[in-house]
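What follows is one structure encoded as structure tokens, with my remarks underneath.
Coordinate-derived values only; no laboratory data. Model, not experiment: these values are computed from the prediction. All Cβ positions, glycine included, derive from the backbone under ideal geometry; neighbour counts span all protein chains shown.
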Amino acid sequence: MKILEDRIKKDGRVLGEDVLKVDNFLNHQVDPQLMQEMGDEFARLFDGEKIDKVLTVESSGIAPAIFAAAALNVPMVFARKKKSITLSSESYIADVYSFTKQETNHVMIDKRFLHEGERVLIIDDFLANGQAVTGLMEIADAANAEVVGVGIVIEKTFQKGRAMLDEKGVHVESLARIAAFEDGQVVFAD
Ligand code: 5GP
């Protein structure tokens, strides 16, 4: 998506070997016009699929997910993160190792908001090693819901997540695909 790539070039900052900071428009300050265009693009990319609900993880997935849900005219549910959790029969829970924070969080969705047979679209801000998406897929599985696809704002193709999801046959669509960081600059795939 050209406007997203342009925005990454303008405002993205490369940190170390493999992290992109985009807190100017996505992860801290949020650009609502851009989010809306991204939400519309996700709806276009998954056009033809029956989707009942959009799932994401708090907090950075919420902005793109809510605009995708608005474009699809369905509810959005975000998994809540908890440091520790007592097992509850009222929620679905998965462990997610955070690539940027280097810690494991439990993420949970209340059983009232995800039901058997629902067709869900997972949206997240970044795809790195695929831990967040895997956690949401485990939760969908536990609820006997079906994952229709995964929509990612920024995919880093050089990390493991994309290959892992392709291997599982998951339909993944990313709005920007980063092949590498070279000398602090972003190199896009394709
Ligand atoms: P994964 O679960 O795929 O390993 O990592 C994805 C999650 O880690 C995303 O939800 C995102 O919050 C965070 N993340 C991974 N890579 C980056 C990055 O380069 N920049 C930022 N800002 N967050 C990232």
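When only DSSP loop residues count, what GluC sites (Glu not before Pro) in region 93-179 have their Cβ near at most 13 other Cβ atoms within 10 Å? Can you show the working numbers first?
Numbers: sites: GLU103, GLU116, GLU118, GLU138, GLU146, GLU155, GLU167, GLU173; in loops: GLU116, GLU118.
Sparse-neighbourhood loop GluC sites (Glu not before Pro): GLU116.
Fewest Cβ neighbours within 10 Å first, please rank MET164, MET35 accordingly.
Neighbour counts put them in this order, fewest first: MET164, MET35.
First check a/c for region 136-177, with a ≥ b ≥ c the square roots of the eigenvalues of its C-alpha gyration tensor; if it is under 1.5, answer rounded, and if not, answer prolate when a/b is larger than b/c or oblate otherwise.
Working: a/c = 2.42, a/b = 1.86, b/c = 1.30.
Note, shape of region 136-177 comes out prolate.
Starting with the fewest neighbours, write out ARG7, ARG44 ranked by other beta-carbon atoms found within 10 Å of each beta-carbon.
Ranked by crowding around the Cβ, least crowded first: ARG44, ARG7.
Quick one: if the Förster radius is 41 Å, what FRET efficiency do ASP141 and ALA70 give, using the C-beta to C-beta distance and rounding to 0.05?
The calculated FRET efficiency here is 0.95.
HN-Hα J couplings of region 176-190 from phi, Karplus 6.51/-1.76/1.60, θ = phi - 60°, integer Hz, Gly and Pro as x?
9, 10, 9, 8, 6, 10, 10, 6, x, 10, 8, 10, 7, 6, 6
Can you work out D for the chain in µm² s⁻¹ from Stokes-Einstein, where Rh is the Kirkwood radius over C-alpha pairs, the temperature is 37 °C and the viscosity is 0.692 mPa s?
Details: Rh = 16.7 Å.
Value of D from the Cα-based Kirkwood radius: 197 µm²/s.
Using alpha carbons only, how many angstrom separate the centre of region 102-178 from the centre of region 30-73?
14
Select from region 107-190 those trypsin sites (Lys or Arg not before Pro) which occupy a DSSP coil region and have at most 14 other Cβ atoms within 10 Å, ordered by residue number.
Qualifying residues, ordered by number: LYS160, LYS168.
Read phi for every residue in region 6-15 and hand back ³J(HN,Hα) as whole Hz from Karplus 6.51 cos²θ - 1.76 cosθ + 1.60, θ = phi - 60°, with x for Gly and Pro.
4, 5, 4, 4, 6, 10, x, 10, 7, 10
List the GluC sites (Glu not before Pro) within region 8-64 that fall in a DSSP loop (any state other than H, G, I, E or B) and whose Cβ has at most 11 other Cβ atoms within 10 Å.
Answer by residue number: GLU17.
Please list, ordered by chain and number, the residues whose modelled amide H lies under 5 Å from the amide H of ALA189; skip anything fewer than 5 residues away on the same chain.
Amide H neighbours of ALA189, under 5 Å, 5+ apart: ARG177, ILE178, ALA179.
Which net charge results for the neighbourhood of ASN105, defined as the other residues with beta-carbon distances under 13 angstrom from its beta-carbon, given Lys and Arg at +1 and Asp and Glu at -1?
So the environment of ASN105 carries a net charge of +2.
Working from Cα positions, state the angle (0 to 90°, nearest 10) between the long axis of helix 32-45 and the longest principal axis of the chain.
The angle comes out at about 70 degrees.
With only Lys, Arg, Asp and Glu charged, each at its Cβ (+1 for the first two, -1 for the last two), find how big the charge dipole of the chain is about the Cα centre; round to the nearest 20 debye.
Approximately 400 debye in magnitude.
Got a sec? Charge dipole of the chain, +1 on Cβ for Lys and Arg, -1 for Asp and Glu; which of ALA145, PHE67, HIS106 is way out at the positive end?
Ranked along the dipole, the leading option is HIS106.
Net charge around ALA140, counting only other residues with Cβ within less than 12 Å of its Cβ (Lys, Arg = +1; Asp, Glu = -1)? Please report the intermediate quantities before stating the final value.
Details: positive: LYS53, ARG119; negative: ASP52, GLU116, GLU118, GLU138, ASP141, GLU146.
Charge balance near ALA140 sits at -4.
Rounded to whole Hz and in sequence order, give me ³J(HN,Hα) for region 122-130 from the Karplus expression 6.51 cos²θ - 1.76 cosθ + 1.60, θ = phi - 60°, writing x for Gly and Pro.
Once rounded to whole Hz, the list reads 8, 10, 9, 6, 10, 10, 10, 9, x.
For region 21-87, what class follows from the C-alpha gyration tensor (a ≥ b ≥ c being the square roots of its eigenvalues): rounded when a/c is under 1.5, otherwise prolate if a/b is larger than b/c, else oblate?
Details: a/c = 2.98, a/b = 1.21, b/c = 2.47.
Oblate shape, in that a/c is at least 1.5 and b/c is the bigger or equal ratio.
What is the total of Lys pairs in the chain with C-alpha atoms under 15 Å apart, excluding same-chain pairs fewer than 8 positions apart?
Lysine pairs, 8 or more places apart or on different chains, close enough: 11.
Taking the Cα atoms only, what angle lies between the long axis of helix 62-72 and the longest principal axis of the chain, rounded to 10 degrees?
It is inclined by approximately 70 degrees.
What percent of all Cα-Cα pairs in region 81-177 falls into each 5 Å bin, going from 0 up to the bin containing the maximum distance?
Calculated P(r), rounded to whole percents: 3, 13, 23, 24, 19, 13, 4, 1.
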